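First up is the structure itself, then whatever we jot down about it.
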Amino acid sequence: MQDIVARAGAAHAIALPWLNFGDNGHGAWPGETLPAFTACEAAINPDLVKFKSIFRVSAFHHASEHMPTDPRIEAPLAVNSGGEALGPGNLLGPPRARYRPVDVAMRGGAVVNHYATRSTDVFLMKNDRGFGTGKPFGKYHLNSAWHRRINRNDRQDRTILRRWDEVSAEMARLRALPGVAGAEAACLAWFQTTRQRLLVPDTIRRWTKALSDERP
């Protein structure tokens, strides 16, 4: 992260393309994300890629789930993770999910591992929550266009696990803090109860789309 920010210099936002990770064959939640979900798309598709952002909070009034919006300055600068400048209109206008030009935005070497699917049960349970930004959108159905797009298991990428020992040590430290382990146990109990309530056969059939259905 320090290297990415250093390369960005005085830029106001950094574009990070998604690398979609699939369910890795897990029908039920295995307990952890990083070591369990290591299968991803073979390569990022420039026609479909979306982005997340690192940005200077002081330079914008608002942010969407993908990038900052409503800049406080006249000409905000966006760059890719290598520090190359992107189009001047990327941070102007309505919220969007893509930086342009896409080919430049994808360069730089850094990506966001995007675990939008995770296990089948977790994916289906999102229907009970609804779309993350509040819009009514039935994309959390098995075999929907969205599910087929993001549930990619074409190759293995374990790069993020190179520091897993440090991550595990930090999680152990946090769980040792007063109240944290109890809160985690309560969350897991809620998850188990909610899964049993929601994922009955009739509901699963309702949340499964035919392969010919191209709606998200």
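For the stretch 65-107, a residue qualifies if it is free of Cβ contacts under 8 Å to residues at least 40 places away in the same chain, of a type in the set (Val, Ile, Thr) and within 18 Å of Leu19 (Cα to Cα), and exactly one does: Val104. Does Val104 satisfy the criteria of being farther than 30 Å from Cys187 by Cβ and aliphatic (A, V, I, L, M)? Spelling it out, Val104 is indeed farther than 30 Å from Cys187 by Cβ and aliphatic (A, V, I, L, M).
Looking at the stretch 129-152, can you tell me whether even one residue there is charged (D, E, K, R) and touching a Cys at 6+ places or on another chain (Cβ under 8 Å)? Yes: the stretch 129-152 contains one or more residues that are charged (D, E, K, R) and touching a Cys at 6+ places or on another chain (Cβ under 8 Å). Within the stretch 99-116, being within 30 Å of Trp207 (Cα to Cα) and at pLDDT 95 or above holds for Val112, Asn113, His114, Tyr115.
The values are calculated or read from the model by the stated rules, or taken from the named source; none is laboratory data. Here the structure is a predicted model, which is why all the values come from computation and not from measurement. Backbone-built Cβ (ideal geometry, glycine too); neighbour counts: all protein chains shown.
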